[in-house]
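Colleague: One structure is given below, represented as structure tokens, and several questions about it will come after.
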């Protein structure tokens, strides 16, 4: 009898505790998984733009039509945090960045120390992006995203493979988002960030930019 | 198959203490040390080691004087002394349990189930801890004995793999911190080892032939083993993140485990597996505090009822853990309490206990 009472009590506690679960959990079908994030500073307006690339399934014409949003459209604001928030609001699913492969920036953004460090500080605080996300530079992220639409896989996965295969041949050290976050605090090293160029719709690793 | 006499072997004691020391020290110390002594954090770890060894020698002296465990020794002391000591120690254990439960829950949510309810994770965690507490020290010691190498081998492997990311540049000395900072760093390390105090309560849980000097040297090995792990871990963390970044991280050791890339990449979400290290080590320390919190409370009220007190302690730990999560400055208060009162009292209590009993005898 005592055992039954104990079991009932345990079930009562467990049942009560389970009531606390589920309210804030997001189902898988309500999530989207960005594979690449792109940040851009508009050289004329100094506005910061942010957008993401999703897995290839997400980009199928039917799915895009169904969801009614254009995931590649950049959202602009005064800083990275604002642009990020605006972009998240524009999506009809919750973005889960755990699978993010690459963070793409344009050169103007990289040179703007204030905006660049504000982004790192924001990402450090939010902890949304994985620390081992590769970081790349390009002239025009939107043009690169456009070129990525013709690939058989999403641009994030493609760039990850491109960077890693290039590294194997050159023994190059690929900086990650975590490395840049740490360097913001340490200020001891200079990182060579891979520079990606577009030549006749082909994406090439064309040297690096130091930061 | 197993005897059930509420006694544990010296090997189990060694493993129990390694688990108790490892959890919180590997989680919070690297950040504290990087912010206080930076590259020279190794000196603080060694200094803390010296403080710890001195403290252990002092506890050995107290045990020798008492010739038994603290509970039995104090049973002959004046009633007010017992109430005062047990009341304080119980409150201290409950407060520490609340803090540890909050850190544990934060860690689980941050790394495994980000969007899950804090209260739910906390309740389930405390329910499991409560079950372990009522199981007694023997059942817990058996579990830790089995888990010991399952936890330590992956930890060493991960540290080995992470050596690849260590940059010697981060070891280049900067301006040396002042003597006060070294002392502060050493004291911080010592704070994480105040669990040593509980050795005074251990003679009743080990076989008579294993108590005394053998018990002290067993705990001393556990202490030195943890010091060694701390030194290696601090070197890897410093070389990977650099002192500036390390000083701003919440749980750098966990972050390190999530960024280590293993050759072959055959294991995905390795960080979740590695969380097991802190899951079991923090759980061990939480259990120790809950267990002694309940015991002290029982001694303080002098009304028997082990399970009743375990229940009270669990409820209080739950409420405190909620306060730690949702009240600004609560964690700061805990650190200050431990810095200025908790640790100094852990130093004074053994001498006080020895002195009170002597006084009673002479009267």
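The values are calculated or read from the model by the stated rules, or taken from the named source; none is laboratory data. Because the structure is predicted, anything quoted here is derived from the model rather than measured. So basically every Cβ, Gly included, is an ideal-geometry build from the backbone, and we count neighbours across all protein chains shown.
Colleague: Here's a check for you: in segment B:149-183, which residue that is exposed (fewer than 13 other Cβ atoms within 10 Å of the Cβ) and within 13 Å of chain A (Cβ to nearest Cβ) is nearest to residue B:277 (Cα to Cα)?
Modeller: B:164
Here is a yes/no grid of residues against (1) at pLDDT 90 or above; (2) within 20 Å of the chain's Cα centre (by Cα):
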| position | (1), (2) |
| --- | --- |
| B:184 | yes, yes |
| B:212 | no, no |
| B:217 | yes, yes |
| B:247 | yes, no |
| B:254 | no, yes |
| B:274 | no, yes |
| B:277 | no, yes |
| B:283 | yes, yes |
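Colleague: Would you confirm, using the coordinates I've provided, whether residue B:23 is modelled with pLDDT of 90 or more and not in a loop (DSSP other than H, G, I, E, B)?
Modeller: Spelling it out, it is not the case that residue B:23 is modelled with pLDDT of 90 or more and not in a loop (DSSP other than H, G, I, E, B).
Colleague: Tell me, please, whether a residue that is surrounded by 19 or more Cβ atoms within 10 Å (Cβ to Cβ) and part of a helix (DSSP H, G or I) can be found in segment B:1-10.
Modeller: Of all residues in segment B:1-10, those surrounded by 19 or more Cβ atoms within 10 Å (Cβ to Cβ) come to B:8.
Then drop every residue that is not part of a helix (DSSP H, G or I), which leaves none.
Scanning segment B:1-10, I find no residue that is surrounded by 19 or more Cβ atoms within 10 Å (Cβ to Cβ) and part of a helix (DSSP H, G or I), so the answer is no.
The rows are residues; the columns are (1) away from chain A (no Cβ under 14 Å); (2) farther than 22 Å from residue B:152 by Cα; (3) touching a helix residue (DSSP H, G or I) at 6+ places or on another chain (Cβ under 8 Å).
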residue	(1), (2), (3)
B:203	yes, yes, yes
B:207	yes, yes, no
B:211	yes, yes, yes
B:221	yes, no, yes
B:224	yes, no, yes
B:235	yes, no, yes
B:245	no, yes, yes
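Colleague: Residues of segment B:292-312 being within 17 Å of residue B:85 (Cβ to Cβ) and assigned to a helix (DSSP H, G or I), which ones? So that I can check it myself, show each step before the final result.
Modeller: Taking segment B:292-312 first, the residues within 17 Å of residue B:85 (Cβ to Cβ) are B:292-302, B:309.
B:292, B:293, B:294, B:295, B:296, B:297, B:298, B:299, B:300, B:301, B:309, listed by residue number.
Colleague: Tell me which of these residue B:122 doesn't satisfy, since it passes every other one: (1) within 10 Å of chain A (Cβ to nearest Cβ); (2) surrounded by 14 or more Cβ atoms within 10 Å (Cβ to Cβ); (3) part of a loop (DSSP other than H, G, I, E, B); (4) in contact (Cβ under 8 Å) with a residue 24 or more places away in the chain.
Modeller: (3)
Colleague: I need a count of the residues in segment A:71-100 that are part of a loop (DSSP other than H, G, I, E, B) and either modelled with pLDDT under 90 or over 21 Å from residue A:55 (Cα atoms) (or both). Don't jump to the end; show me each part of the working.
Modeller: Residues of segment A:71-100 part of a loop (DSSP other than H, G, I, E, B): A:71-74, A:78-79, A:91-93, A:96, A:100.
If we keep only those that are either modelled with pLDDT under 90 or over 21 Å from residue A:55 (Cα atoms) (or both) as well, we get A:71-74, A:78-79, A:91-93, A:96.
Final tally of qualifying residues: 10.
Colleague: Within segment A:101-125, which residues are touching a helix residue (DSSP H, G or I) at 6+ places or on another chain (Cβ under 7 Å) and part of a loop (DSSP other than H, G, I, E, B)?
Modeller: A:101
Colleague: May I ask you to list the residues in segment A:81-96 that are more than 24 Å from residue A:139 (Cβ to Cβ) and surrounded by fewer than 18 Cβ atoms within 10 Å (Cβ to Cβ)?
Modeller: A:85, A:88, A:89, A:90, A:91, A:92, A:93, A:94, A:96
Colleague: Kindly indicate whether residue B:107 is within 14 Å of chain A (Cβ to nearest Cβ), buried (at least 19 other Cβ atoms within 10 Å of the Cβ) and within 27 Å of residue B:13 (Cα to Cα).
Modeller: Yes.
Colleague: Still on this model: What is the residue count in segment B:73-88 for residues that are touching a residue at least 60 places away in the same chain (Cβ under 8 Å) and part of a helix (DSSP H, G or I)?
Modeller: Residues of segment B:73-88 touching a residue at least 60 places away in the same chain (Cβ under 8 Å): B:73-74, B:76-78, B:81-83, B:85-88.
From what's left, part of a helix (DSSP H, G or I): B:73-74, B:81-83, B:85-88.
Counting residues in segment B:73-88 that are touching a residue at least 60 places away in the same chain (Cβ under 8 Å) and part of a helix (DSSP H, G or I) gives 9.
Colleague: Residues being within 14 Å of chain B (Cβ to nearest Cβ), assigned to a helix (DSSP H, G or I) and at pLDDT below 90: count how many of those fall in segment A:126-160.
Modeller: Qualifying residue count for the region: 1.
Colleague: Among the numbered criteria (1) surrounded by fewer than 19 Cβ atoms within 10 Å (Cβ to Cβ); (2) in contact (Cβ under 8 Å) with a residue 40 or more places away in the chain; (3) closer than 29 Å to residue B:316 by Cβ, which one does residue B:70 miss?
Modeller: (1)
Colleague: Restricting to segment A:47-70, give me the number of residues that are modelled with pLDDT of 55 or more and not in a strand (DSSP E or B).
Modeller: Of all residues in segment A:47-70, those modelled with pLDDT of 55 or more come to A:47-57.
Cutting the leftovers down to not in a strand (DSSP E or B) gives us A:47, A:54-57.
So the answer is 5.
Colleague: Also: Taking residue A:190 as the residue in question, decide whether it is more than 10 Å from every other protein chain (Cβ to nearest Cβ) and surrounded by fewer than 15 Cβ atoms within 10 Å (Cβ to Cβ).
Modeller: Working: more than 10 Å from every other protein chain (Cβ to nearest Cβ): yes; surrounded by fewer than 15 Cβ atoms within 10 Å (Cβ to Cβ): yes.
Criteria met by residue A:190.
Colleague: Taking the condition at pLDDT 65 or above and within 12 Å of chain B (Cβ to nearest Cβ), does residue A:40 pass?
Modeller: On the way: at pLDDT 65 or above: yes; within 12 Å of chain B (Cβ to nearest Cβ): no.
The answer is no for residue A:40.
Colleague: Would you please name the residue that is surrounded by the fewest Cβ atoms within 10 Å (Cβ to Cβ), looking only at residues in segment B:129-146 that are assigned to a helix (DSSP H, G or I) and free of Cβ contacts under 8 Å to residues at least 12 places away in the same chain? Can you show your working first?
Modeller: Start the filter on segment B:129-146 by keeping residues that are assigned to a helix (DSSP H, G or I), which leaves B:129-134, B:136-146.
Applying the additional criterion that residues be free of Cβ contacts under 8 Å to residues at least 12 places away in the same chain yields B:131, B:139, B:143, B:146.
Working: B:131: 12, B:139: 16, B:143: 19, B:146: 10.
Filtering first and then ranking leaves B:146.
Colleague: While we're looking at this one, here's another question. Closer than 23 Å to residue A:201 by Cα, within 14 Å of another protein chain (Cβ to nearest Cβ), surrounded by 14 or more Cβ atoms within 10 Å (Cβ to Cβ) and without any contact (Cβ under 8 Å) to a residue 60 or more places away in the chain: does that describe residue A:164? If you could, list the steps in order and put the result at the bottom.
Modeller: Values: closer than 23 Å to residue A:201 by Cα: yes; within 14 Å of another protein chain (Cβ to nearest Cβ): yes; surrounded by 14 or more Cβ atoms within 10 Å (Cβ to Cβ): no; without any contact (Cβ under 8 Å) to a residue 60 or more places away in the chain: yes.
Spelling it out, it is not the case that residue A:164 is closer than 23 Å to residue A:201 by Cα, within 14 Å of another protein chain (Cβ to nearest Cβ), surrounded by 14 or more Cβ atoms within 10 Å (Cβ to Cβ) and without any contact (Cβ under 8 Å) to a residue 60 or more places away in the chain.
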